Each structure stands twice: as structure tokens, then as C-alpha cells.
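The structure appears right after this line, and notes come after that.
The values are calculated or read from the model by the stated rules, or taken from the named source; none is laboratory data. The shown structure was predicted, so the numbers you read here are calculated from the model rather than taken from an experiment. When we count neighbours, we look across all protein chains shown, and the Cβ atoms used for this are built from the backbone with ideal geometry, even at glycine.
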Ligand SMILES: [Zn+2]
Ligand SMILES: [Zn+2]
């Protein structure tokens, strides 16, 4: 079982997943949480190799009903596990730790080894989103799990070498540092103004227009004012809703083309960049409060995050979001009606 330890200097919780331990030589290059990939497949995520993955917890059947379109399994090398208790233990006068309770799942987005999200159909992307949400809603029922984070690592620079398209879900009992900060700032804004910070930001971006790349009836896509990396992109719903678990199926079906188009624009304009995306939600117990809006952050990994970023938390982006947004808007105009829209 992994353990969760608190850094006494920052109060940040750290997961130490000792089952993942490697011999020193395995750290020499590219330490990874996953086995080395077969670039062209077949791999453990390919159809016919289902027995090589841990227990399946969910699937979207394919149209024949025999196979699958999306599969969700436990992570073979979980950072957190289902057993253990939440009590903190003193491990010395300054040190605090607890069992590594939580969930770590893998969403296999497609049976096809090479069909990445930007190249999928809207229907296929919708199936992936439905799988995310189904797992979110299910894990939401476990009172130990307070923070549910869905994310995707695409490419080596984004932290994965496993080529087969997949995303992950981690649910934790303790607040991740960055999320705690986001929640605190949003709560303070709500206390001051009585309004939701993220809805206010989306409205302000919509009014300013210069960083908006796409707007539909229900969603807004923009490059945020203080982008941390070039082409950082946020997708926000236009109606207030704290949690991704609350999105209606109708809204999910509209989100699918919005997400696909957004990823496709980055794919075409930046040449299939490595990227991460994260689906942020309010803490599970705050889903009915008004201070937070679920949203998706997409972070292309065009440069390496290095010492200064890790040491200071200050990111250095090399492009103004107004300029990157203009590049994507132009692409959207050129491709409109050509089958990309
Ligand atoms: Zn594969
Ligand atoms: Zn809101």
C-alpha cells in the first residue's frame, strides 16, 4: 500500500507509492509509471489483450455489443488504493502520514492503438466523456474520496510513454496543493462579491473577445489572461455548475465536439503536440455550493518545465495568449465547413 505524507514546510501532501519502486538503474533515463510502449501495438490496452490489464470497472460497449468502445480499469501501478484508513499518524514530532487511500483508474479511450482524441469522431469523444462522468459519479459515492481529478497525459513530455490513447482518474482523500489554492481563491472571491470567480472570468473573457477561440451555445473556449504555457486553453460551461458529475448528457454531447475541435486545432497548428488536460471540479462535498465552476484546462507541453518553475511556481510562457488565440481563431475560420468544424 502507498502512503500519503505531509511536507511540514508547505503542508503539501505527497504520495509515496512504494510498490512502484525500481532499481536505481531504472531511474537513469525517463522514470515512468508505465511499462515501455510498443509504438505500433499491440499493447495491453489493445483488444484481445484485456487479460493483461487489472479488473475492468466500466465499459462503453461498441456498436456490435460484443466488444468495447471505451474501457476503464484499475491502474496496474496505482498511486492510491482502496484499502486503509484515513486517520493521520504521527511519524515523529514534525511528520504526519496516512494510508494511501484513494482510487487510480485508467480510461482506455479507444480500441484503436493509434486513434488519438483529436482524430476521433464526436461520437467517440462523447463516449470517452460519458465514461469519465460515469466513474466520477460512482466514486463520488465513496465518502472517503473528496477530490476527483480526471486528466490526460499525451506524449513523453506530458508524462506518458504509453502510446495507446488513455486518460486517468485519481481520487484523493486530502486536498492537492494546487486545488486547495484554487478553491481558497474562489471562496474569497465569492465571499467578497457573492459571485462565482470562474463564471466571472468566463464572462470577462467573452466580453474582451481577444483571447476567445470558440464559443457555442453552452461552452466558451479561451486562452487565459495569465497563460502558464503557450497555447494554454480553458473550456468552461456557460451555465454555472460546480462539478463535472452534474453535467447533463445533453451538455456532454455538446462538449464532445467542442473538446475535439479544440484539440484538433492544437494538433494541426502545433503538429500533434504533447499535452496534458485536467478536468477540474469542486470538492465532492461542495458540489452544491456556488463558488466554483468545473472547467477543463489544456496545457500543451511545448517546452520542458524545469528548475525555475519547480523551484518557484512561476511559469515562463513565450507567447501572449492574445497572439496564440488569434492563431487558433484563424484556423477555426479556415477550417469551418471543411469537416473539422
Ligand atoms: Zn494498444
Ligand atoms: Zn459559476
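May I ask you to verify whether residue 255 is part of a strand (DSSP E or B) and either more than 16 Å from ligand 1 (Cβ to nearest atom) or in contact (Cβ under 8 Å) with a residue 40 or more places away in the chain (or both)?
No; evaluated as a whole, the condition is false for this residue.
How many of the residues in region 268-295 are more than 16 Å from residue 168 (Cβ to Cβ) and away from ligand 2 (no atom under 16 Å from the Cβ)?
Residues meeting the conditions: 8.
Let me spell it out: the conditions are (1) away from ligand 2 (no atom under 16 Å from the Cβ); (2) within 28 Å of residue 123 (Cβ to Cβ); (3) surrounded by fewer than 19 Cβ atoms within 10 Å (Cβ to Cβ), and residue 209 meets all of them except one. Which number is the exception?
Answer for residue 209: the failing condition is (2).
What pairs come up if the first residue lies in region 183-206 and is in a helix (DSSP H, G or I), the second is near ligand 2 (Cβ under 9 Å from one of its atoms) and modelled with pLDDT under 95, and their beta carbons are under 6 Å apart, counting only those six or more places apart or on different chains?
Final answer for the pair search is none.
Quick one: which residue in 47, 35, 31 is more than 16 Å from ligand 2 (Cβ to nearest atom), assigned to a loop (DSSP other than H, G, I, E, B) and modelled with pLDDT of 90 or more?
Matching residue, one of 47, 35, 31: 47.
Would you say residue 253 is away from ligand 2 (no atom under 16 Å from the Cβ) and buried (at least 21 other Cβ atoms within 10 Å of the Cβ)?
Considered against the rule, which asks whether it is away from ligand 2 (no atom under 16 Å from the Cβ) and buried (at least 21 other Cβ atoms within 10 Å of the Cβ), residue 253 comes out as no.
Look at region 66-81 and say how many of its residues are under 19 Å from residue 144 (Cβ atoms) and over 18 Å from the mean Cα position of the chain (by Cα).
So the count comes out to 1.
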